[in-house]
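A short reminder: the numbers here are calculations on the coordinates, not readings from a lab. Keep in mind the model is a prediction, meaning the values are calculated, not measured. A quick note on method: Cβ atoms are made from the backbone with ideal geometry, for glycine too, and the neighbour counts reach across all protein chains shown.
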Amino acid sequence: MATGTNRRLGPALLMEMAEFASLPKDTQRFIRRSLDIGLRRSDAVQRWGRDAGETCRIRAQQRAYQWLDGLSSLIPDDDDIAAAARLMGPLVALSAFDLAEARLPDFASYRFLYERLIGAAVRPWLPSAFCAAAALPHLHPLDRRQLLDSLSESAMTAPGWSAREPAFIPEWVDKIEDSIEA
């Protein structure tokens, strides 16, 4: 028999799966790879490295994702500016790294990834970190414009954020070879 919690998670899980499925394939791949690295789920180089260039980018991402260690503990419980500054420095730096990879084309894909990497408590801080990282000069001006235009007014001015943790965490799925038995 399903519990009340399972019934409530079902619709959220399906909505999150549909959201992930709506993202471009290269974005889906980058999110799964990033989650493998950030959540330390597998050997990312072995699983995701298709060539020397990608292996190099994965290793750089592994170094950058060291900022994730303890990041969730820096999320302030209130609007203390000093506490916010301790969070925003590493969060913006990590965000800048990921946006420079050019695989997160908009705020929605960025938010999807970061909610899973850090947790629901980071939601109020994501619009600010995204804006700061997307405005940095290391991105091409057209990329900066596209990223900043993707952040809706409602996301920037939300009066509150859900504390519900994400229900769907995408993973690598091995291909299954079809076999026909005679």
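Miscellaneous remarks
- DSSP-assigned coil residues among GluC sites (Glu not before Pro) in the range 75-168, each with at most 16 further Cβ atoms within 10 Å: Glu101
- Inter-part distance where the range 124-150 and the range 34-64 are each reduced to a Cα centre, Å: 24
- Charge sum, other residues only, whose C-beta stays under 13 Å from Ser72's C-beta, Lys/Arg counted +1 and Asp/Glu -1: -1
- Each principal axis of the chain carries a Cα extent, and these read 69, 49, 30 Å when sorted largest first.
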